[in-house]
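Please treat every number below as a calculation from the coordinates, not as lab data. Everything quoted here is computed from the prediction, not taken from an experiment. Note that we place each Cβ from the backbone using ideal geometry, even for glycine, and neighbour counts take in every protein chain shown.
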Amino acid sequence: MARTRTSARGDGTAARGATARQLSFVVSAQRPLALLGGTFDPIHLGHLRVAWEAAEALDADVHLLLAHEPPHRPAPVASVEQRVAILRAALAGQQRLHIDLRELRRTGPSYSIDTLIEVRAEIGPQRSLILLLGADAFAGLPGWHRWQELFDLAHIVVLTRPGVAAALGAELQTQVLAHEVDTAQILATRTAGAIFHLPVTPLDISATQIRQLLRDGHEPRYLLPDVLLADPSLLDAYRLGAGN
């Protein structure tokens with residue numbers, strides 16, 4: 001999901017948002033819905049493992065949101081159609097992780113606030129909604145478009161790895177002090193507004209590394225789901241993309 005730098009909202013607006021978040025309690029019996037965004041170019045075991053750990057630790061259904069035009073990073077190497085095919089293949093055979101293509105239906109950059117507004121309208125006001133972020137992305141949250149409004153719509157779960165810490169600005173530290181909770185169970189009893197840090201398995205795998213291996217004619221076995229290697233055509237965009 002895309003983000004861009006913008007000015008912070010005033011103290012009065014933030015205070016009103018905090019009051020609304022304190023009143024966001026859940027009466028829905030449905031599992032929380034968690035969102036993990038990315039270009040997934042390509043999806044790899046690092047992505048899938050943290051998504052699965054979040055699904056189990058939070059007892060949530062996790063939607064992997066395929067980004068269309070991320071303004072904060074270079075355009076994906078594979079086309080939208082190729083990335084969708086790769087993601088569908090990688091998610092086959094299980095029921096907790098789901099592909100979500102809503103951001104592909106939009107033209108231009110797709111901002112997290114727009115996605116959360118759309119999802120909240122779909123699921124209603126009584127189901128817990130969670131935005132999953134890596135530690136670096138969370139540290140950069142004050143640069144996101146309408147970032148303080150995200151807490152009115154969803155919880156934020158920060159996926160943390162041992163030995164990896166990102167410095168937080170004063171504005172974000174204030175949000176953490178006000179809204180951090182220490183148990184995942186609390187997220188299922190409120191609809192939005194909490195911050196929770198979830199330790200995940202540190203798998204040092206990158207899509208950049210995988211693309212380079214494929215460009216160089218190597219096989220990235222044990223970095224990707226085996227199903228992606230079983231059908232060579234799924235990864236052709238990276239083998240043929242030496243000029244990208």
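Numbers at a glance
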{"read-out": "Of all residues making up segment 116-131, the number that are touching a His at 6+ places or on another chain (Cβ under 9 Å) and either part of a loop (DSSP other than H, G, I, E, B) or not hydrophobic (A, V, I, L, M, F, W, C) (or both)", "value": "1"}
{"read-out": "Check on residue 74, buried (at least 19 other Cβ atoms within 10 Å of the Cβ) and over 13 Å from the mean Cα position of the chain (by Cα)", "value": "no"}
{"read-out": "Check on residue 113, among the aliphatic types (A, V, I, L, M), in contact with a Lys or Arg (Cβ under 6 Å, 6 or more places away or on another chain) and in a helix (DSSP H, G or I)", "value": "yes"}
{"read-out": "Matching residues in segment 207-219 - criterion: being farther than 21 Å from residue 75 by Cβ and not small (Gly, Ala, Ser)", "value": "216, 218, 219"}
{"read-out": "Residue, nearest to the chain's Cα centre (by Cα), within segment 77-110, restricted to residues that are assigned to a loop (DSSP other than H, G, I, E, B) and either closer than 18 Å to residue 51 by Cβ or of a type in the set (Asp, Glu) (or both)", "value": "101"}
{"read-out": "Selection count, segment 132-168, where residues are polar (S, T, N, Q) and either free of Cβ contacts under 8 Å to residues at least 12 places away in the same chain or assigned to a strand (DSSP E or B) (or both)", "value": "1"}
{"read-out": "Scope segment 99-143; condition crowded, with 18+ Cβ neighbours inside 10 Å, closer than 24 Å to residue 87 by Cβ and of a type in the set (A, V, I, L, M, F, W, C); matching residues", "value": "113, 116, 119, 129, 130, 131, 132, 133, 137, 138"}
{"read-out": "Matching option when the condition is touching a residue at least 12 places away in the same chain (Cβ under 8 Å) and touching a strand residue (DSSP E or B) at 6+ places or on another chain (Cβ under 6 Å), among 79, 110, 128", "value": "110"}
{"read-out": "Some residue of segment 211-222 being acidic (Asp, Glu) and assigned to a loop (DSSP other than H, G, I, E, B)", "value": "yes"}
{"read-out": "Candidate set from segment 191-207 (those that are in a strand (DSSP E or B) and free of Cβ contacts under 8 Å to residues at least 60 places away in the same chain); member that is nearest to residue 221 (Cα to Cα)", "value": "199"}
